[in-house]
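Report on one structure; see the data block that follows.
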Amino acid sequence: MLIRPACQSPHLPEIAGWLHAQWWGDSGYSRAATEGWLRAATGPAAPCTLIAERDGVPLGTATLDVDDLPSRPDLTPWLASVLVAPAHRRQGVATTLVAEVRRRAAALGHARLWLFTEDRQAFYAARGWVPEGPETWRGRPVALMSCALAVPPAAVPAPPPVPAR
Ligand SMILES: CC(C)(COP(=O)(O)OP(=O)(O)OC[C@H]1O[C@@H](n2cnc3c(N)ncnc32)[C@H](O)[C@@H]1OP(=O)(O)O)[C@@H](O)C(=O)NCCC(=O)NCCS
């Protein structure tokens, strides 16, 4: 499985269509605006949309985003827009995408990653995410969740020098 930023993938227009149909259209984005957003989400810092593909076939997508839940502008960054094509589900594609977003967020030095979900709490809990309480999104109840990120060695500050005696 190859995972790369959407802006580097020939499948970006197709993935934009998936996201537009699933969520973004309801958020007021046109299909063209969705595609433009993905093209601008170049990473490595958020926002960065990733596409998973195998043998030239797009399988799924996930995004490392700056913000996602309007009621919690205090939290960042977010795992957002996790979507796998129905024909490729239950093969570990989302698990791999989520792990890659976590790895990238950790590499950027973030200590914690956030998400909200309407009905996939069990999926994320099984992968180490913890519930952070109820929230509301578009008038519907959702669960806020987070996961602690392992700080990569390069991001750990060097210890202070030992004073000379
Ligand atoms: C939710 C969603 C992203 C999951 O994608 P996925 O690629 O099927 O997820 P995975 O394959 O990694 O894991 C799904 C299940 O398949 C299982 N699985 C993974 N590989 C498997 C395999 N080779 N054989 C059988 N089962 C497998 C996983 O253990 C997991 O089981 P669990 O839910 O009991 O933990 C997908 O169903 C989807 O796009 N749904 C619509 C959009 C959505 O709800 N997105 C999430 C918003 S928070």
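Bear in mind these aren't lab numbers, they're just calculated from the coordinates by the rules spelled out. Predicted, not measured: the structure shown is a model, and the values here were computed from it. As a convention, Cβ positions derive from the backbone with ideal geometry for all residues, glycine included, and neighbour counts pool all protein chains shown.
At a glance:
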{"read-out": "Computed E for Ala40/Val162 - FRET, C-beta separation, R0 45 angstrom, nearest 0.05", "value": "0.45"}
{"read-out": "Residue order, fewest to most beta carbons within 10 Å, for Phe123, Phe116", "value": "Phe123, Phe116"}
{"read-out": "Exposure proxy ranking, count of Cβ atoms within 10 Å, fewest first, for Val151, Val82", "value": "Val151, Val82"}
{"read-out": "Derived scalar couplings ³J(HN,Hα) [segment 70-76; Karplus, 6.51 cos²θ - 1.76 cosθ + 1.60; whole Hz; x for Gly, Pro]", "value": "x, 6, 10, x, 6, 9, 6"}
{"read-out": "Cβ-based exposure ranking for Glu53, Glu100, in which fewest neighbours within 10 Å come first", "value": "Glu100, Glu53"}
{"read-out": "The chain: relative contact order in percent, alpha carbon pairs under 8 Å with at least 6 residues between", "value": "16 percent"}
{"read-out": "Separation between Cα centres of segment 26-74 and segment 100-145, rounded to whole Å", "value": "16 Å"}
{"read-out": "Segment 2-151: C-alpha gyration tensor shape, a/c 1.5 cut-off, then a/b vs b/c", "value": "rounded"}
{"read-out": "Considering only the chain, percent of DSSP beta bridges that pair antiparallel, nearest 5", "value": "95 percent"}
